[in-house]
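Encoded as structure tokens, the structure appears first; notes follow it.
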Amino acid sequence: MNINASRLLTGFFLIFAPFLTVMASLFYPGSKVLFIIYGLLTTCMLVSIFIKQNGYFPLFFFSFLIIGCWLKTMFHFLFNTNFIEPVGLFSGLPEEWDVGLLILNVAFVSLLICYWISTVFTRKEKFVVQSFNSSKYILALLVFSFTAAMALLFFNYQFSILKIGTEPLIKLPSYLYSIIAFMVAWGNAILISALVYWLIKSERIKPCWMFYLLSVLGMFTSISMGSRVQMILYTAAPFILYFYKVSPLDKKFNKYEWRRIIIVTGLLFIGTLLSVFADRYKNFPHESNHRYQFCAQSLNEFDKLIVKRRSFPHSKLNEYNREYSYMKPKHAYNRLLLKYPFLAHSLNQLNKLIVDRWIGVEGVLAVSSAPRLGTKLFQIALFEDPRRGNDAIYQKISGSFYKKYKNFVFMTIPGPIAFLYFSGSLLVVALGMALLYFVGYFIESLANILVKNEAVNAIIGIALAYLFVQLNFPITLYYFLIELIVFLVGLALLQKIITFSDIYLKIRGFSLKNNKNYRAECSQ
């Protein structure tokens, strides 16, 4: 990473995170000390990932958790935003908040310790990335792979093999379903990023094509899966490679190239948002649901709702009060927002787009407030069948408001910290987060050893971080890890084949040249 950029970001987070934490602590109902520790641990995580580069998985895993846990909590107390997902029996009492923050603090401490331990294993020297003379074959392979990816995404869109909230419209063998799902979500991106990186290294195409191709692939993958986040995740890879000054993406782009990259990426992102929205509006069932609206009622209405909610602090959220379990405004700024609905609505939309969609604090609050936690529940959850859908353990704990439909399945997700606390043990949370961290870290290291391709490392790091944060049914994660390792071995074999073909072409070219020289000498 550029040293000046690293120092700038480190300084920014050293000021930003503590400042936001102190401001939000003024409205926190529980222990201020626990809340300040929460902010300090977050600050340490942010500073760590910028002062000590340690791979892509830790960077994105920490970032996703910070957005879903810490930043969402700050928004909740500073701007009175309501959580977008249900929180089960959690009623907002100070002692309930303290339990939730204690769990989060334990998880963050575990991750920080693991991060600095893993720096011992980080290779100081970088593998030499191979450049291929036979890059014309790689270019042909890239065109074929991209075309095949588009065809597979269209097939997935038509039959909903892997589409958010939609059950498959065609029956396939389980192994074939797994292969298609893997390729749609991440396999295409890994393969195409590897080929593009090799071509850039061989100077057959410009570095800007990494941005363009992954943005286009991200757009069509998002539309195919009905998930806007895929576009964001795919596009993040080339930007982080450039930010980390990874060769050959360390070359400076002029202002015209940057302008084109930003415009193309921005237009594709807007197209993704509109397309996914239109597809969901067309295909998904609709209900009159106001749970996403910002707290813009009058103060008198708020007071009545708060009294109603606190009258039954340990009752399960029902159809009425789950929508309005708001915290009472404690600051003049919050009251001002209530008088200006447009400002409140704009803030809410920004919060929904950037913060609310990330998994984290709601799951911790829901699980920490649930009864009958323990080893038995944790063991059952470890091997729970994803086909249970709306009847799954966490759906019951969270008081999920999603209803059953014939061809649609909507679920709320606990995330890794909440899932580990099914055990009711802080030790399990600490050890479980450590296990997740080292699994992700060593798989990225394995990719680096097998393929020696920074673009592949970045995509895999992002994929692992996102899937770990989205933890709901561990069995699906087991399958993904197996598929990923097999795919990496296959990609390493492809690299060997290209290398051998390169050697063969060199030998053949040398042989032809010698024969030509020999004939020329004989003719003389």
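With the simple spin-label model, which puts each label point 7 Å out from Cα in the Cβ direction, the residue 264 to residue 434 separation comes to 4.6 nm. Amide H contacts of residue 166 (H built 1.01 Å from N, in plane; Pro and chain starts excluded): 409 sit under 5 Å, all sequence-distant by 5 or more or on other chains.
Label-to-label distance for residue 170 and residue 481 is 3.2 nm, based on points extended 7 Å past Cα in the beta-carbon direction. Put a dot 7 Å past the Cα of residue 449, heading toward its Cβ, do the same for residue 78, and the two dots end up 4.3 nm apart.
Quick check for me: using +1 on Lys/Arg Cβ and -1 on Asp/Glu Cβ, what's the dipole size of the stretch 360-475 about its Cα centre, in debye to the nearest 20?
I would put it at about 480 debye.
Using the Cβ of residue 275 as centre and a radius below 15 Å, the other residues enclosed give a net charge of +3, where K and R count +1 and D and E count -1. Each of 362, 384, 203, 85 was scored by other Cβ atoms within 10 Å of its Cβ. Arranged with the fewest first, they read 203, 384, 85, 362.
As a proxy for reagent exposure, 120, 486 were ordered by neighbouring Cβ count within 10 angstrom, fewest first; the result is 120, 486.
Read the figures in this text as sums done on the coordinates, not as results from a lab. Since we're looking at a predicted model, the values are computed, not measured. Neighbour counts are summed over all protein chains in view; Cβ atoms, including those assigned to glycine, are modelled from backbone coordinates with ideal geometry.
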